[in-house]
Structure formats: C-alpha cells, structure tokens
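The values are calculated or read from the model by the stated rules, or taken from the named source; none is laboratory data. Please read these numbers as outputs of a predicted model, since none were measured by experiment. For neighbour counting, all protein chains shown are included, and Cβ atoms are generated from backbone atoms with ideal geometry for every residue, glycine included. Protein only, heavy atoms only, side chains kept; ligands, DNA and RNA dropped before computing areas. Shrake-Rupley method; radii C 1.70, N 1.55, O 1.52, S 1.80 Å.
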Amino acid sequence: MTQPANPSRLVIPSRREFLRSSSAIVIGGAVAGTLSVSRSAHAGGDDAIRVGLVGCGGRGTGAASQALQTEGNVRLVAMGDAFADNLAHSLATLEKEEPLKGKLDVPEDRRFVGFDAFQNVIDSGVDVVILATPPGFRPQHLAAAIEAGKHVFCEKPVAVDAPGVRSVLATAQKAKEKNLAIGVGLQRHHQNEYLETIKRLQDGEIGDMVAARVYWNGAGVWVRDRQPQQTEMEYQMRNWYYFNWLCGDHIVEQHIHNLDVINWLKGAYPTRCQGMGGREVRKGPNNGEIFDHHAVEYEYADGTRMFSYCRHIPGCWSSVTEHVHCTKGTADISGGKIEPHGEKAWRYRGPNNNPYQTEHDDLFAAIRQGKAYSEAELGAYSTLTSIMGRMATYSGKMITWEQALNSELSLAPKEFSFEATPPVPSVAVPGQTQAV
C-alpha cells in the first residue's frame, strides 16, 4: 500500500490553512491550477462526461443517479461490483428513474464483476469514477483511479485504518499534481443550513466555542445471514458492516459525519482522545466484531472538548445531531439554530437543498469549469478522527493524533479473492486490546 515518504512529518493543519482549504472545497478556488478538463472530461470525443460506478449498493446507486442529474451532458458508461446480483439490481433501479432516461449506456461488456472490477471500470474510457464499495477498499481504488488520470467522487469514510489514511493523503497530493478533482461524500459541507450556521459561528456570533456534543444514536443497520454456499470471504463481503477491515466500525462508517462538523467549525483536528464502548446487544453469530456503542472525549489544541456518542441499540434515545456551547450562547448546528444568552434565537430560514445532489453539482461544475477541487485531505483527516476514537474505545487508552496517524496497524487481508481467508473477527477488550 502506497504511503507518504515520511508519514511522521504529517501534522495537523493550522486553523488558517484548514479554513482556506475548506473555502476552496465549496467555491472551487484555484488551489493547484486548473483541472485537465480538455484531456480528461471529454474522453469520448464529445461534451459528455463519462461516469463509471464502482460499488453498486444503495449508496453507489444513489451517487450515480445524482452524478447523472448534474448540469450538462453526463452518461453512466461502466459499472463494477464484487457481485453480479448487486450490479444487476443497481442498473435496474437506475433504469426506472425517469430523469435518467437516455443517460445510461452500460452494455454487458462494460459491466464488471469481481475483485478486479474497479480496475476494469477505470480502464473503460471513463472520465469520472464513483467509488462506493465498502470503505476498506477505497484507498486502493482511489490510488488506481488517480494513477489512471480520472476525476473521482469517493464516498466517506475514505479508509478504515491509519495506513489507508496515509495512502489517501499521498494520493490526494498526486491528484493535485495531475490537476484531478476529488469529491468526498461528507455532504454536510454542501447543505445550506450547515453552511450558514457554521459561517455565523466562525464569525463569532456567540463567542468562542467551549465544548461540543455530537451524536449518531439509532437502532442500527441491516444484518445478512450466512448462506450455505458462501465462502468466509463472500460472507464477510455480503455482511460488510460488521467487519472492521471492510467497515471500520460504525464510529467510522457513520459517526464521521458528526465529528467532521466540529472539525469544520473548529478549523482544526483533535490532538488526543479517550473513551469507552462495548457490545450490549450485538452478540449474535452475524454481528461480527464491531461495538454497538462508543463514547469518546476529544480534546483540541486550545483545550476545548468534543463529546462524541454513537450507538446502535433499538429502543433507546435516537439522535443524529451536532451541538456547540460557546461563551455567549449555544447552537444546534444540525437544526440550523443559534441561541445567544439573553437574546432572541436565530434559526435558518433560507432555501433547503438536497446536499447529496449539491455535492455532485459542485464537483461536476468544477470539472467542467476547470477549477481545482479537492476534498480528499478533509475526508482523510476526518476519517482519522473517527479511527482515533475507535482506537481509544477498543484499547481503553488515551490516544494522541500522532499515535493514530502513524499507526502501522493494517486491517486489510493479505489476499483479495473469494477463496482467500479474510481477517478473523476479534471483539476488542478495553484494557487488553492493542488498537494502534
């Protein structure tokens, strides 16, 4: 796996650097010159942007639909997945969408199945690749796409371990050198109420942040039973949410959204964290190794704290929200509401948008206009924030940013094939497990 030449030199960007980078994401500012639109975005010889989808599950299918509904001539020309039934279901779903009529051109010879499907999609004459496989594959697939000179939309999280994060950071640098765009599926950065609320808070409307609370508490996600004909690799791939080499645990796969919002507000990343977690209800044969609850206290360099909670347990209080406490008031960021002490509250009343669509609108507009566009580093560092939290809850230890970033613990299997032996699930025991 590709890594930076000297990972230990990777440091947390300053607040000024972070804010400058965040602004560039939205406006497509000239960070690294212009994108190679003439060379890459018209590979088919016309004005169409040709899209390839890698990973045909629900999110990949949705991302393909949103890409095809961006302004201009866009066509889906190749699809790839580990499983033929996933690909067929995804294509059938897209064919039923009225807005996509005339935008699907995926003949059988551009439908690819198996572990090498990603490379076949990349090599099939596409301009933009959508990466929506389970997160464990994304560093490898992103590196291959950028190596081949493709623009990318990559779902979050971008990795499941520190070697994967470092790989993505190295790939992000290569993408800049090649003037290739990378969008990452942290769609709150493209949601109107978040943009306005975060701007007001960063402008100091209720003073300085003292602490934040973030939640991804819900009942949980699907479970897929083992089938008699499946190899262990196929079973884990089909039930990918419950195995860390594929998913990273739900603190990484889902809670990243909430952690990312506070990083965005702070213009910084945590310097250390500690936490606790475990399994109260996830004890069945199909529940793999992930926890069902995590509680993490993150500390930033200025001493402020982010209190993070994520839970997958039915029948409990549910909340997917972000809140901040400042010196002159409080805010419900997810609700677009700011409440100054002793003054009338402000609530976002502007137009609502579909951030899943807008994130694709912004990416494809940047590609067509030849503007620099990169969310890869933002995605990598917020992914690391999530992994750092998992390291803390699994180990029971205080984990520093540098420990997390420089960890050599790889979760990837030694071989990718359906006959290969995947990593053996191992439920962490705090106080005993070495998670870094």
(request) Check Lys176 against each of (1) over 19 Å from Asp116 (Cα atoms); (2) buried (at least 21 other Cβ atoms within 10 Å of the Cβ); (3) over 14 Å from the mean Cα position of the chain (by Cα) and name the one condition it does not meet. (result) (2)
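What residue, among those in the stretch 322-343 that are open to solvent by less than 50 Å² (accessible area, probe 1.4 Å) and among the polar types (S, T, N, Q), is nearest to Trp264 (Cα to Cα)? Reasoning before the result, please.
Of all residues in the stretch 322-343, those open to solvent by less than 50 Å² (accessible area, probe 1.4 Å) come to 322-324, 326, 329-336, 338, 340.
Cutting the leftovers down to among the polar types (S, T, N, Q) gives us 330, 334.
On the way: Thr330: 17, Ser334: 13 Å.
Out of the qualifying residues, it is Ser334.
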(request) Read through the list (1) of a type outside the set (Phe, Trp, Tyr); (2) closer than 30 Å to Asn286 by Cβ; (3) out of contact with any Phe, Trp or Tyr (no Cβ under 6 Å at 6 or more places or on another chain), then give the number of the only condition that Val210 fails. (result) (2)
(request) Could you look through the stretch 86-108, keep only residues that are under 20 Å from Arg50 (Cβ atoms) and among the charged types (D, E, K, R), and pick out the one that is most open to solvent (accessible area, probe 1.4 Å)? (result) Glu108
(request) Just one of (1) surrounded by fewer than 24 Cβ atoms within 10 Å (Cβ to Cβ); (2) over 20 Å from Ser374 (Cα atoms) trips up Ala144, so point out which. (result) (2)
(request) Within the stretch 229-267, count every residue that is outside any helix (DSSP H, G or I) and open to solvent by 20 Å² or more (accessible area, probe 1.4 Å). (result) 4
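Please report, ordered by residue number, the strands (runs of 3 or more DSSP E) entirely within the stretch 268-321 with at least 2 residues that are open to solvent by 50 Å² or more (accessible area, probe 1.4 Å) and touching a residue at least 40 places away in the same chain (Cβ under 8 Å).
Working: elements: 272-278, 293-299, 305-312.
In the stretch 268-321, 272-278, 305-312 are the strands (runs of 3 or more DSSP E) which contain 2 or more residues that are open to solvent by 50 Å² or more (accessible area, probe 1.4 Å) and touching a residue at least 40 places away in the same chain (Cβ under 8 Å).
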(request) Mind listing whichever residues of the stretch 162-173 are open to solvent by less than 10 Å² (accessible area, probe 1.4 Å) and of a type outside the set (Lys, Arg)? (result) Ala162, Pro163, Gly164, Val165, Ser167, Val168, Thr171, Ala172
(request) State whether the residues of the stretch 87-106 include one that is within 23 Å of the chain's Cα centre (by Cα), at pLDDT 95 or above and not aliphatic (A, V, I, L, M). (result) yes
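Filter the stretch 69-85 for residues that are out of contact with any Leu (no Cβ under 9 Å at 6 or more places or on another chain) and crowded, with 20+ Cβ neighbours inside 10 Å and give the result. I'd like the intermediate steps shown before the answer.
Taking the stretch 69-85 as the starting set, the residues that turn out to be out of contact with any Leu (no Cβ under 9 Å at 6 or more places or on another chain) are 71-73, 82-85.
Of everything in the stretch 69-85, just one residue is out of contact with any Leu (no Cβ under 9 Å at 6 or more places or on another chain) and crowded, with 20+ Cβ neighbours inside 10 Å, namely Ala82.
From the list Glu193, Glu205, which one is modelled with pLDDT of 95 or more, open to solvent by 10 Å² or more (accessible area, probe 1.4 Å), assigned to a helix (DSSP H, G or I) and touching a Phe, Trp or Tyr at 6+ places or on another chain (Cβ under 8 Å)?
Values: Glu205 fails: assigned to a helix (DSSP H, G or I).
One residue alone meets the criteria, Glu193.
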